[in-house]
Amino acid sequence: MQKEVFRTGIRKDESQELGPEYKCRKKCFERVSEKMRQQIIGPFNLMEPVTEQNRYLCGLISVFPIQHRRPRLNVEAEANLREVSYSYRVRCAGDGVATEGIVCGNAFLSIHGIKRKKIEYLVSSLKTTGNAPKDKRGKHHNHRSKLSDEILEAVRTHIKSFKTRTSHYGMKDSHKTYLPEELNINKMYCL
């Protein structure tokens, strides 16, 4: 499995892996062969932003209202029942033709290499808005470690106030300057 290094230096798994095969009454893994599963997860892993993956997955999930419900004697039990049911599909392109097939929820999770929590998140967004959720990471304004522009400018002027020297290595075109060797962060802080 390849690793991708992002600008922040954090390593992230580039791809999801296929999950285990499940035995279900629909025989989903017999209908979707290993080759088809590889054809599904390959392009899925190449989708860059999380929003694009969410949009793709939401396009494969259908939400239906419950059609029939037997009457219950207990009112509390009726309040805990689901209001909708879901249908999961997989889409595979082979021989120039795209085919879709209905699979169970466990097969859908396993084929795309995702967790149940991700499906719960997508389904809750589909129920409330009808659309795929947008990626909301990093959009808040409560950055506790962010310093104000005034503080940053004060630090820059403090560093520039120290005497610097040019390099002695004969780089005549270089405009780099260096602080003295005996100066360190603690001394700079105390001054």
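Every number in this text was worked out from the coordinates using simple rules, so none of it is lab data. Since this is a predicted model, take the numbers as computed values, not measurements. A quick note on method: Cβ atoms are made from the backbone with ideal geometry, for glycine too, and the neighbour counts reach across all protein chains shown.
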In segment 140-187, what trypsin sites (Lys or Arg not before Pro) fall in a loop by DSSP, with at most 12 other Cβ atoms inside 10 Å? R144, K146, K163, K172, K176
Nitroxide proxy distance, nm - points 7 Å out along Cα→Cβ at E21 and V97: 2.5 nm
If I model a spin label as a point 7 Å beyond the Cα along the Cα-Cβ vector, how far apart are those points for M188 and E30 in nm? 7.0 nm
In a GNM of the chain with a 10 Å cut-off on Cα contacts, which of V97, V32, V63 has the highest mean-square fluctuation? V97
Rounding to the nearest 20 debye, state how big the charge dipole of the chain is about its Cα centre with +1 on each Lys and Arg Cβ and -1 on each Asp and Glu Cβ. 360 debye
May I ask you to list the chymotrypsin sites (Phe, Trp or Tyr not before Pro) in segment 108-191 that are in a DSSP loop and have at most 14 other Cβ atoms within 10 Å of their Cβ? F162, Y169
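What's the FRET efficiency of S62 with K139 using the Cβ-Cβ distance as r and R₀ = 41 Å, to the nearest 0.05? Walk me through the numbers before you get to the answer.
Details: r = 29 Å, r/R0 = 0.71.
The value I calculate is 0.90.
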For S110, S167, S145, S125, what ranking results if the residue with the fewest other Cβ atoms within 10 Å of its Cβ goes first? S145, S167, S125, S110
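Rank the residues I111, I185, I61, I66 as a footprinting-exposure proxy: fewest other Cβ atoms within 10 Å of their Cβ go first. Write down the numbers at each step before the final one.
Details: I111 24, I185 7, I61 17, I66 10.
Placing the least packed residue first, the sequence is I185, I66, I61, I111.
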Given a Förster distance of 41 angstrom, what is the FRET efficiency for E48 paired with A154, based on the Cβ-Cβ distance and rounded to 0.05? 0.60
Which label in (i) 68; (ii) 59; (iii) 35 gives the computed percent of Cα pairs over 26 Å apart: (ii)
